[in-house]
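K.L.:
Here it is: the structure, laid out below.
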Amino acid sequence: MKCTECGHEASPDKFRYLYNARIDASVSMRQCPNCMEVLAVDELKREALKKVGLGDAPWGKSAGIEGLAEDAVQTT
Amino acid sequence: MAEPALNEKIQEFEGKQQWWWAAEVKRSKRLDYLRKAVWRKGSTGGAPISPIKLDLEPALRRIELYKQFKQEPLPLRMAKIHSAMWGSDLIYIVDQSQIVGSKTPSPSTEEWYGSGGIGNAAVYNYPEILPEPLEESLKVVHDVGQFWDQEGEAMEKLISGGDPEDMAKYQSGAIAWGSLIGGYSGKNYEYFMTGKRAFEDIIEEIEENIAKAEEKTQGVSGPDILPLYNKILNWEAMKLSLEAGIRWARRYARLARIIAENFETDPKRKEELLRVSETCERVPAKPPRNLQESLQYDHFIQVLARKEQVEGAWPARPDYYHGPYYNKDVNIEKNITKEEALDLIGEFLIRAYDMPVVLAMGKWVREGLQGIAGTWVWTLGGVKQDGSDACNDMTIALMQAARLVRTPNPTFAFRWHPKVKDEVMREIFECIRHGLGYPAMRNDPILIANAMHWHRHPIEEARTWVHQACMSPCPTTKHGTQPYRMASATANCAKIIEYALWNGYDQVVNMQMGPKTGDAREFTEFEQLFQAWVKQMEWLFSLLTRTVNYARYVQSDVVPRPFLSGISQRAVDSGLDIMRPDGERGNAWITAFTWVENPDSLTAIKKVVFDDKKYTMAQLMDALEANWDGYEEMRLDFVNAPKWGNDDDYADDMMLRCLRESARFSRELKDPSGNSWPILPENVSGNIHYSSIVRSLPNGRRQGDALYDGGISPGPGLDKKGPTAVLKSCGKIDHIVDGRAFLLNQRLSPTQLQGEKGYQLWRAYMKTWADLGLDHVQFNMVSDETLRAAQKDPEKYSEVIVRVAGYSAHFVDISRKTQDNIIQRTIQGIG
Amino acid sequence: MTLCIECQSFFPIEDEPGRGDCVKKCVDARQTYYSSRIVSQDNDADRCDSFQKKIIPKEALH
């Protein structure tokens with residue numbers, strides 16, 4: 001996996017897992033071991049998506065009336 | 001600003017739902033000053049708040065007094081130390097205040113009384129809370145710690161006397177959240193808050209009891225007089241403590257008068273100070289006569305109880321006990337206007353908000369109670385002992401004051417019943433709409449029945465109930481009040497399913513914690529796993545309740561409470577320290593943190609492994625061992641299994657099964673009074689504190705993810721069928737017999753619930769809630785946009801309040817993980 | 001040696017002969033407040049930063 005900020009490449013498990021705020025989403029936050037930036041990571045594709053700043057919502061809006069909750073991505 | 005311009009400003013802010021700016025404009029200059037004067041006392045995201053510092057001097061003074069009174073019998077020693085401390089502590093009065101009294105030496109410091117052993121860890125680990133120069137402070141901390149290590153301070157005595165294996169596991173940090181000293185005090189309000197008696201009256205009762213006892217101890221010898229010797233000591237200690245409390249309050253009387261006569265130049269303020277002086281001269285010695293005296297009396301007692309010992313909660317029923325004085329002053333005699341009453345009540349809230357607890361305490365407290373000092377949940381509404389509506393003008397005034405001062409603590413919980421007037425419901429809704437996150441709603445008929453069922457309180461006593469901590473009802477009567485419940489019967493329940501999967505072994509703390517219930521890889525039937533779960537549950541609940549029972553049993557021999565005893569009828573009548581359970585009916589409960597992970601994980605395994613046979617147990621265990629890393633598709637299969645909160649019997653039946661097994665076992669567990677230990681699912685911010693301590697689980701979470709937000713709330717975003725489905729799921733639980741109470745967080749849309757239509761929608765929702773027999777619900781009503789903006793620009797949004805779990809906090813004071821967890825809670829559309 | 005009783009901040013306590021309230025006006029970044037501590041009138045005030053000698057009115061001297 002390649003860091004979107006510094007370009008560092010390593011296997012995904014070397015990027016420290018922080019958390020996933022939406023259990024039914026495949027986007028988690030991991031930390032680059034090189035530049036220490038917090039990145040949104042697509043856990044299905046094992047790909048870093050972008051840096052996560054304060055106020056960013058890599059999972060999108062919360063579920064419910066302002067964006068009806070959808071099921072997690074079906075794999076089969 | 002002229003009034004029309006003010007009104008325009010208020011409307012502008014309210015139109016944008018910027019309730020905090022509107023409140024700033026609306027409240028009086030005095031309330032604005034006092035509100036802004038408070039240095040926040042809670043933690044920020046788990047770290048101590050700067051620039052609050054500890055004052056180490058009380059710790060040194062306490063050591064000297066301990067040495068001075070060391071030869072005294074323990075109850076007298078405690079009373080004399082407190083008496084001397086309260087006589088020599090620094091006190092202060094803030095400019096413009098009318099309610100006085102603080103635990104702290106100054107507005108921006110917190111006293112440290114010193115401890116040894118692990119109690120010092122918190123102080124060492126956060127040197128930024130120590131005063132400069134740091135080197136000197138660290139030396140003081142070291143010397144104080146050495147002293148108490150040699151003397152044996154209370155916590156160490158308690159731990160060393162208990163079962164070693166129990167204590168080691170309890171102290172591991174994996175399964176239990178609280179402390180064996182420090183927890184939730186109950187107060188016998190029916191004894192001292194009804195206007196019938198105050199401290200001097202109680203002292204008279206104590207003196208009579210001593211005289212009667214001494215007549216016997218100086219009379220004919222016999223075994224029946226033997227217990228009286230200790231009782232006399234306890235009574236003497238109670239008397240000393242109450243007298244010390246009166247003297248301490250009168251220090252404020254003198255200070256107010258000194259300020260008025262020597263410092264203050266404004267004639268109106270001089271008059272106020274002289275009234276403060278008169279008030280403090282009177283209470284708590286004599287019963288209050290008016291609203292100011294009543295509030296002051298209450299506040300003095302709360303401060304004194306907390307100067308005696310750490311109290312992590314604040315049971316109170318301010319509208320019920322202060323309402324008669326409000327009515328007299330505002331409505332009948334018209335001594336003060338409504339606005340003047342609001343100033344007093346608003347300040348009363350601010351004084352409570354200012355109460356510290358957290359600074360020198362460990363990480364588990366700071367992370368579990370992010371943003372606040374303690375769970376000050378005040379009870380409003382409900383019924384009187386005769387069953388009639390207890391709401392009064394003070395109920396309304398408290399809510400109006402809360403919207404003006406916007407303190408996240410104290411937080412309110414309202415005892416709803418079918419006879420509550422529309423006027424009161426509207427005030428409640430306004431508080432929720434203004435984003436305070438409170439009042440939480442409690443179903444009074446259900447909870448009264450619950451108290452009668454589990455703890456056999458007679459109905460008249462059950463009707464007096466207040467929140468002992470966040471959720472658990474407790475009567476305020478002689479035999480019904482539980483004077484103290486240690487925080488340590490607080491279970492990290494996610495460990496139950498974890499241990500059921502890992503044969504009782506905890507890989508995070510590297511200990512065999514629970515019983516060996518089998519290698520889950522080899523389970524061929526779901527029932528094997530469920531029975532393993534039951535055994536782990538029984539083990540966990542047994543261990544925690546054993547430790548609390550033991551702590552309660554020995555507490556009066558290790559650290560008695562003569563002041564709390566002196567305001568408790570059971571202690572005054574019996575001559576026993578109030579911590580002794582003799583004569584107490586018992587009101588125990590197990591706080592069940594991280595509960596829903598259990599049924600959701602069990603359901604997922606049953607569906608995906610045993611019903612659909614998509615994976616084997618061995619494959620699941622491999623994925624859990626890897627923290628789901630590299631197993632994302634499989635993880636999503638487990639996430640997509642039926643989940644609690646969607647009115648789906650497949651998942652809901654599992655919840656009921658787990659609860660009913662726990663309820664069955666609760667009836668076997670007995671507290672020191674012989675009463676049961678029912679469970680109470682709720683969380684505070686323990687879901688964040690435990691996020692790295694609980695391993696990956698079959699509901700799809702990884703180690704590091706926040707656990708669910710607690711109680712019986714569905715996982716954030718996992719309630720996909722709307723609010724009625726959530727209520728229907730929760731309604732399948734029997735809220736009287738399946739446990740003590742059940743916390744439900746719900747999030748509502750501020751856009752959808754505007755205006756009269758919004759209020760009617762909410763009323764309809766509450767009717768469904770009541771009809772389905774739920775006992776609790778509490779609301780966040782703040783948009784994603786506001787919360788995301790607050791993350792980006794915290795200084796601009798420093799006053800935004802959110803409901804975390806059993807409490808509210810400023811959004812900017814909680815950690816990023818907690819913030820994201822709250823934002824991800826489903827926004828229910830109830831229209 | 002200067003004594004606390006000679007200080008402007010010292011206010012004798014009627015019911016406690018020989019003792020008094022030492023009252024000071026304090027200001028921090030958020031508020032003004034008045035603090036008080038009980039002291040003995042004969043306490044050594046030589047090292048007290050807040051000591052301010054009491055001004056005794058002429059009439060009282062006679």
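K.L.:
Please list, by residue number, every one of the chymotrypsin sites (Phe, Trp or Tyr not before Pro) in the stretch B:112-153 that is coil in DSSP and has at most 12 other beta-carbon atoms within 10 Å.
P.N.:
Qualifying residues, ordered by number: none.
K.L.:
What number results when the radius of gyration of the protein assembly as shown, computed over Cα atoms, is divided by 2.2 N^0.38 Å?
P.N.:
Dividing the Cα radius of gyration by 2.2 N^0.38 Å gives 0.95.
K.L.:
Further, regarding this structure: Remind me, relative contact order of chain B in percent, using alpha carbon pairs under 8 angstrom and six or more residues apart?
P.N.:
Computed value for chain B: 15 percent relative contact order.
K.L.:
Right, something else. Could you please report the charge total around residue B:22, scoring K, R as +1 and D, E as -1 over all other residues with beta-carbon less than 11 angstrom from its beta-carbon?
P.N.:
+2
K.L.:
As a test, work out the antiparallel percent of DSSP beta bridges whose residues both lie in the stretch B:337-487, rounded to the nearest 5.
P.N.:
25
K.L.:
Taking every residue in B:819-827, how many Cβ atoms of other protein chains lie within 10 Å of its Cβ, on average?
P.N.:
Counting other chains' Cβ atoms within 10 Å and averaging over B:819-827 gives 6.
K.L.:
Which order do the peptides B:328-334, C:28-34 come out in when sorted by mean C-beta neighbours inside 10 angstrom, highest first?
P.N.:
In decreasing order of mean packing, B:328-334, C:28-34 become C:28-34, B:328-334.
K.L.:
If I model a spin label as a point 7 Å beyond the Cα along the Cα-Cβ vector, how far apart are those points for residue B:760 and residue B:479 in nm?
P.N.:
5.0
K.L.:
Moving on. Please give the calculated 222 nm ellipticity per residue for chain C, where each DSSP H segment of at least 4 residues contributes -39500 (n - 2.57) and the sum is spread over every residue; nearest 500 deg cm²/dmol?
P.N.:
Calculated mean residue ellipticity at 222 nm is -1000 deg cm²/dmol.
K.L.:
Right, something else. From largest to smallest, what semi-axes in whole angstrom does the stretch B:1-136 give when each is the square root of 5 times an eigenvalue of its alpha carbon gyration tensor?
P.N.:
Working from the Cα gyration tensor, I get semi-axes of 42, 20, 12 Å.
K.L.:
Which whole-number percentage describes the relative contact order of the stretch B:697-831, with Cα contacts under 8 Å and a sequence gap of 6 or more?
P.N.:
Once divided by the residue count of the stretch B:697-831, the mean separation gives 33 percent.
K.L.:
Over the alpha-carbon set of the stretch B:419-497, divide Rg by the Kirkwood Rh and report the Rg/Rh ratio to two decimals.
P.N.:
That ratio is 1.06, to two decimals.
K.L.:
Using the basic label-point model (7 angstrom from Cα toward the beta carbon), what is the residue B:8 to residue C:3 distance in nanometres?
P.N.:
It is 6.6 nm.
K.L.:
Set the bar at 26 Å for Cα to Cα. Now go through B:307/B:384; B:270/C:54; B:239/B:307; B:419/B:720; B:9/B:796 and name every pair that lies beyond it.
P.N.:
Result: B:307/B:384; B:419/B:720 exceed 26 Å.
K.L.:
Right, next: What list of whole percents do you get for P(r) of the stretch B:160-302, with Cα-Cα distances grouped in 5 Å bins up to the one holding the largest distance?
P.N.:
2, 8, 12, 12, 11, 10, 10, 11, 9, 7, 4, 2, 1, 0
K.L.:
Moving to a separate point now. Could you give the length gained on full extension between residue B:327 and residue B:216, defined as 0.36 nm per residue of separation minus the Cα-Cα distance, in nm?
P.N.:
The residue B:327-residue B:216 span can extend by a further 35.3 nm.
K.L.:
When Rg is the radius of gyration of the Cα atoms in chain C and Rh is its Kirkwood radius, what does Rg/Rh come to?
P.N.:
1.03
K.L.:
Also: If you keep only loop residues by DSSP, which trypsin sites (Lys or Arg not before Pro) in the stretch B:134-207 have at most 12 other Cβ atoms within 10 Å of their Cβ?
P.N.:
B:196
K.L.:
Over all directions, how big on average is the projection of the convex hull of the alpha-carbon atoms in the stretch B:104-190, in square nanometres?
P.N.:
8.6
K.L.:
Right, something else. Using every Cα-Cα pair within chain B, state what percent have a distance larger than 54 Å.
P.N.:
9
K.L.:
Working out 0.36 nm times the residue gap between residue B:138 and residue B:521, then minus their Cα-Cα distance, what length gain in nm do you get to one decimal?
P.N.:
Contour length minus the Cα-Cα distance gives 132.8 nm.
K.L.:
In deg cm²/dmol and to the nearest 500, what is the mean residue ellipticity at 222 nm of chain B if only DSSP H runs of at least 4 residues count, each as -39500 (n - 2.57), divided by the residue total?
P.N.:
-15000 deg cm²/dmol
K.L.:
Further question: Given R₀ = 56 Å, FRET efficiency for residue B:149-residue B:200 by Cβ-Cβ distance, to 0.05?
P.N.:
Efficiency for this residue pair is about 0.85.
K.L.:
Tell me the Kirkwood hydrodynamic radius of the stretch A:1-64 in angstroms, computed as one over the mean inverse distance between distinct C-alpha pairs.
P.N.:
11.7
K.L.:
Now, a different point. Ignore the peptide's own chain and count Cβ atoms of other chains within 10 Å of each Cβ in B:232-238; give me the average, rounded.
P.N.:
Partner Cβ neighbours, averaged per residue: 0.
K.L.:
While we're on this one: Using label points projected 7 Å from each Cα along Cα→Cβ, tell me how many nm separate residue B:721 and residue B:68, to one decimal.
P.N.:
Simple spin-label model gives 6.8 nm for this pair.
Since every read-out is calculated from the coordinates, none of them should be taken as a lab result. In this text the structure is predicted, and so the values were computed from the model without any measurement. Every residue, glycine among them, receives a Cβ derived from its backbone with ideal geometry; neighbour counts consider all protein chains shown.
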